[in-house]
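This report refers to the structure that appears directly beneath it.
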Amino acid sequence: MDPGKLTRFIVSNALKLGATDVVAEVYVGRERRIKFANNKVVISEERDERTAEIFVAIRERRASISVDNLSIQSIREALKQAIHLARMSEPAETYAELPRGPFKYDKSLLKAGKVSGDPEKLIDHVEAAVNAALAEGAERVAGTLTYSSGKTWLRTSGRAYGVASEAAVEISVRALASEDAAGHFVSIAADDRDFNPEEAGRRAGDPEEAGRRAGEIARMALNPVEGEPGEYEALLGPMVFAHLVEHVGDASSAYYVDAGLSFLKDKLGQEVSSKVFSLIDDPTIPRTYGSAAFDDEGVPTRRNVIIDGGVLKTYLHNSTTAKKFGAETTANAGLIVPTPFNLIVEGGGKSFEKLLSSIDDGIYVTNDWYLRYQNYRTGDFSTIPRDGLFRIRRGSIESSIKGLRISDNMLRILSGIRELGRERYWISWWEVETPVYAPHAIVEKLNFTKSTI
């Protein structure tokens, strides 16, 4: 069945089965994935994707189900199961009817950017990244390039209906100059102008640049010595800063605020960071990573300023959290959990070299992983620096170090942001699921403890 007609079938039949609210979302697309290791392509594979996401509500009782068989019989069974699960579920505290359409969407956001999925061209990107890393001093290079394209049909019982195309390409490059000297960088784009070096004018963002940066960090990380725990001024690279910023975006979700799992709870209208930091969720920029015309309730997306000059301006809402908070939806559904589409950090005015030279005694962190909270409500957490970690003295990198863990507090870090870099990079990889447009950042005080790994 045509996907648009299938969404109509899902909505009408769910209503007949007793649902008060229904969302049907059908996605049809293709993904190509190229894995490389030891400087060579080792796997090149592609797959077709066909899924239907079904959400039903019987007033306060809700359920969702996903199916990858789009036959009518399979959809009928999924609808019966979804209705059964809704009737058996615990009622939510608040019921909000889905927003009423129809809505008009920005036509430029319904179109995908021009991204080439030609297998030979994708392998050329991989080879360019590998060669750039090797030229910087890496001995071995590994990673993954993923290309995806597809179309989404969304229909709701609130008479919202939209069809949007999407395309994206991303490469994650990890370079090793020795067993204990590694570097990592990524490049992601929703248009070839931001990915191909020929069209991007060699600006940061193409796969060759990702390989070069990964190789450079790996070479600098050779012969690390044990780092001394303590409190240091810190220069955070875009990879690690994006990871922290993603957690700020997650904490701005009204669902987590209401559940007491956010360090931004009861902070609306208050200063939560230094004045140099502003954070925006903006899916309305055409052909950029994370752009979207509508949210999961079919509401047209909009630009939301989360933090403006250090002040928390809004939580992110769907219709249910908005009703509970006495607010309006920010078009960030997530039918259960409102989420950002992308996160954009306002840039500063200085180059990386100027930022580095401004630090007399500190540590440069290029990446991290395994961020874990000791207390979601207060923002106490720890994370492990990954890949290159460097000691800074008198404005320059003195040595490569290892063996440290970051143990600090999110709000303390935000308040301690002293300066942001001029250049920004779109970051997304398996530690950063929400795309973040992040610069380098200087934090006045960051606490490092001894790592147990």
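Values in this text are rule-based calculations from the coordinates and carry no lab data. Small disclaimer: the values here were computed from a predicted structure and weren't measured. Note that we place each Cβ from the backbone using ideal geometry, even for glycine, and neighbour counts take in every protein chain shown.
Data table
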{"quantity": "FRET efficiency estimate (nearest 0.05) - Cβ-Cβ, S71 to T378, R0 41 angstrom", "calculated": "0.25"}
{"quantity": "Estimated FRET transfer efficiency when R0 is 25 angstrom, pair D180-S357 (beta carbons, to 0.05)", "calculated": "0.35"}
{"quantity": "Largest-first ellipsoid semi-axes for region 1-149, taking √(5λ) over the Cα gyration tensor eigenvalues, angstrom", "calculated": "43, 17, 16"}
{"quantity": "Residues with amide H under 5 Å from that of W369, placed H, sequence gap 5 or more", "calculated": "I384, R386"}
{"quantity": "The chain: angle of helix 207-220 to the longest principal axis, Cα-based, in degrees nearest 10", "calculated": "40 degrees"}
{"quantity": "From phi via Karplus (6.51, -1.76, 1.60), per-residue ³J(HN,Hα) for region 93-103 in Hz, x at Gly/Pro", "calculated": "5, 10, 10, 10, 4, 4, x, 8, x, x, 10"}
{"quantity": "For region 74-225, Kirkwood radius (reciprocal of mean inverse C-alpha pair distance, Å)", "calculated": "18.8 Å"}
{"quantity": "Cα-based reach from K80 at 18 Å (exclusive), listing lysines while leaving out same-chain residues under 8 positions away", "calculated": "K16"}
{"quantity": "24 Å Cα-Cα threshold exceeded, pairs from K402/K445; K114/K354; K40/K114; K275/K313", "calculated": "K114/K354; K40/K114"}
{"quantity": "Extension gain (nm, one decimal) between D48 and E398, 0.36 nm per residue minus Cα-Cα", "calculated": "121.1 nm"}
{"quantity": "Pair K151, S12: separation of 7 Å Cα→Cβ label points (nm)", "calculated": "2.1 nm"}
{"quantity": "Sorted largest first, extent of region 227-453 alpha carbons per principal axis (Å)", "calculated": "53, 35, 31"}
{"quantity": "Rough spin-label spacing in nm, given labels placed 7 Å along Cα→Cβ, for K313 and W430", "calculated": "3.6 nm"}
{"quantity": "The chain - mean residue ellipticity at 222 nm from DSSP helices (-39,500 (n - 2.57) per run, n ≥ 4, rounded to 500)", "calculated": "-7000 deg cm²/dmol"}
{"quantity": "Spin-label zone in region 25-68 - amide nitrogen under 18 Å from a point set 7 Å from the Cα of L134 along the C-beta vector", "calculated": "35-43"}
{"quantity": "Computed E for L261/F325 - FRET, C-beta separation, R0 22 angstrom, nearest 0.05", "calculated": "0.90"}
{"quantity": "Per residue Cα convex hull volume in Å³ - calculated over the chain", "calculated": "142 Å³"}
